[in-house]
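Report on the following structure.
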Amino acid sequence: MNRTLKYALLTLLWAAVAGYMLWAAAAARRARKARTVARMKIEVVDSTSQGHLVSAAMVRGWISDSGIPAIGTAVDEVDLSGIETLIARNGFVDEAVAYVDYGAVLHIGISQRKPLLRLLTDGMNAYVTSEGYVFAAPRASSLYVPVVTGPYRPPFPASYTGDVRRHIDERLQEIERRIEQLEREKYPYYRREIENDRDIAALRRMRIKRRWWRLESSGEFDARVRELREKKARLRRDYRYRSRVIRERIEGIAAQQEAERRAQKKLEKSYEDFMKLLTFVKIVEDDGFWRSEVVQIAARTTPSGALEVELTPRSGRFTILFGRLDDIGGKFDKLLRFYRSGLSSIGWDEYRTIDVRYRNQVVCKK
C-alpha cells in the first residue's frame, strides 16, 4: 500500500470517528431535552458535630415556596443558578452547588457554616463563626455551642448578616466621607476669612491727607480726621466680629470632625473587643477542663465602651468576675491555682464572687 492511499484511509477513519462523536453528542442532547427531572437528592455536608442548621426538608421547602420549577421540569430548563442563589442567601449556608446528572436526578450539595458561639445579648439572637461571620439563628435551631448573654452591644446591628470586618470597613468609610464633606464645608468660611483679613489690612492702610490744592482750615482737617477715626473704629469692630463668627463656624465644623474621628476609634475598639470575645470563647472550647467548667458567659459593655465578661462555673455557687479580655491565659492560670489550693480546702460554697481582674491576686467576696 502506497503512502498516499494509507493517508487517505486514515483520514477517512478519523472523519468517521469525528462524525460518530458529533452524532452521539447530538443524540444525547436530544435525549436529555426529552427527559424531565425525576427526583431531587439533597446532601447537607455537615461541617460540625454540634447539630444541623439546615436540613433537606428545609431546602425542599425553600425551593417549593420560591416557585422555581424542579421535579417534572425538562432537564435543560432547570434554573440551577437560581436554586444555588436561593439557598446561598441564607447566612448559615456556606456554599450551595446544584446540577442534574444523566439519570435526570437533581443533586443539591450544601455545606453549612460552623458557628463558634451564639449571641443572645440586647435583642440579638445570632450565631458567629470563629472568622467573625455573623448570621441570624434559624428557627428551631439548637446547636451545642457556647451562649453569650448579657447587656453587651456588638459592633453591628441585630439584623446584620455577613462578615463583621466588612461591616466595620463600610462604616469607617462612611465616617471618612462625612469627615471629608465637613472639610469641604469649611471652604466658604476660609474664603470669607481671607477676604476679612484683606479688609483689615486695607483698613490699616487708610490715611487722610491735607488738601493742599485748595485752602482747608485746620478745623476742617481735624473734622475729617475724626470722621476717619470713627469710620475705622466702626469697621474694626465689624471686622473683628466677622472674624470671630467665621472662626467659631470653622471650629464648630472641626469639632464635628473630631467627634467623627472619635467614633472611628470607638468602632475599631469595639471590633477589637468583639474579636477578643471570639478568641476567648475559642480558648475555653479548646481546653477540656474549662469547656466543662464554664456553664455560661455573660458579657457587658461598660460606660467607657469596654467589654467585660463574667463566668458562671459548674462548680460552686459563685460568679467569676473575669473583666476585660486581656491576659486571658494568665487569668485562667491564676484561677486554676486558686481552684486547687484555695477552694478545694476552703469550700466551694464559701464565696459569692471570685474576682480575677487584678494582677497577681484573686479577690473573693462572701
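So the values come out like this:
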{"item": "Surface accessible to a 1.4 Å probe, F221 within the full protein complex, Å²", "result": "40"}
{"item": "Net dipole in debye of the chain [+1 Lys, Arg Cβ; -1 Asp, Glu Cβ; about Cα centre; nearest 20]", "result": "2360"}
{"item": "Spacing of the two label points (7 Å from each Cα toward its C-beta) at E195 and E230, in nm", "result": "2.8"}
{"item": "0 to 90° range, to nearest 10: angle between helix 164-205 axis and the chain longest Cα axis", "result": "20"}
{"item": "Inter-label distance, nm, simple model (7 Å from Cα along the C-beta direction), T36/D326", "result": "6.9"}
{"item": "Distance (nanometres) between label positions extended 7 Å along Cα→Cβ at K265 and R247", "result": "2.5"}
{"item": "Top of L325, L119, L336 by mean-square fluctuation, Gaussian network on the chain, Cα under 10 Å", "result": "L336"}
{"item": "Spatially proximal aspartates and glutamates relative to K41 (Cα-Cα < 20 Å; intrachain offsets below 8 disregarded)", "result": "D65, D76, E77, D79, E84, D94, E95, D101"}
{"item": "Label zone at L203 (point 7 Å along Cα-to-Cβ), backbone N below 11 Å, the stretch 236-268", "result": "236-244"}
{"item": "Rounded to the nearest 10 Å², the accessible area of D238 at probe 1.4 Å", "result": "80"}
{"item": "Computed E for R300/H52 - FRET, C-beta separation, R0 45 angstrom, nearest 0.05", "result": "0.90"}
{"item": "The stretch 221-292: trypsin sites (Lys or Arg not before Pro) falling in loop per DSSP and having at most 10 other Cβ within 10 Å", "result": "none"}
{"item": "Percent accessible area from carbon and sulfur atoms, the chain, protein chains only, probe 1.4 Å", "result": "51"}
{"item": "Length-normalised contact order of the chain in % [C-alpha pairs under 8 Å, at least 6 apart]", "result": "12"}
{"item": "Answer label, with Cα extents along the principal axes in Å calculated from the coordinates and candidates (1) 64, 42, 39; (2) 69, 41, 36; (3) 133, 94, 50", "result": "(3)"}
{"item": "Area of E251 that stays accessible when all protein chains are in place (1.4 Å probe, Å², to 10)", "result": "110"}
{"item": "Extended-chain gain in nm, criterion 0.36 nm per residue less alpha-carbon gap, E350 and E220", "result": "36.7 nm"}
{"item": "Calculated from backbone phi, Karplus (6.51, -1.76, 1.60) coupling profile of the stretch 258-274 in Hz, x at Gly/Pro", "result": "5, 5, 5, 5, 5, 5, 4, 5, 5, 5, 4, 5, 5, 5, 4, 5, 4"}
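The values are calculated or read from the model by the stated rules, or taken from the named source; none is laboratory data. Just so we're clear, the structure is a prediction, and the values are computed from it rather than from any experiment. FYI the Cβ positions are ideal-geometry reconstructions off the backbone, even for glycines, and counts take in every protein chain you see. Only protein heavy atoms, including side chains, enter the accessible area calculation; ligands, DNA and RNA are left aside. Shrake-Rupley method; radii C 1.70, N 1.55, O 1.52, S 1.80 Å.
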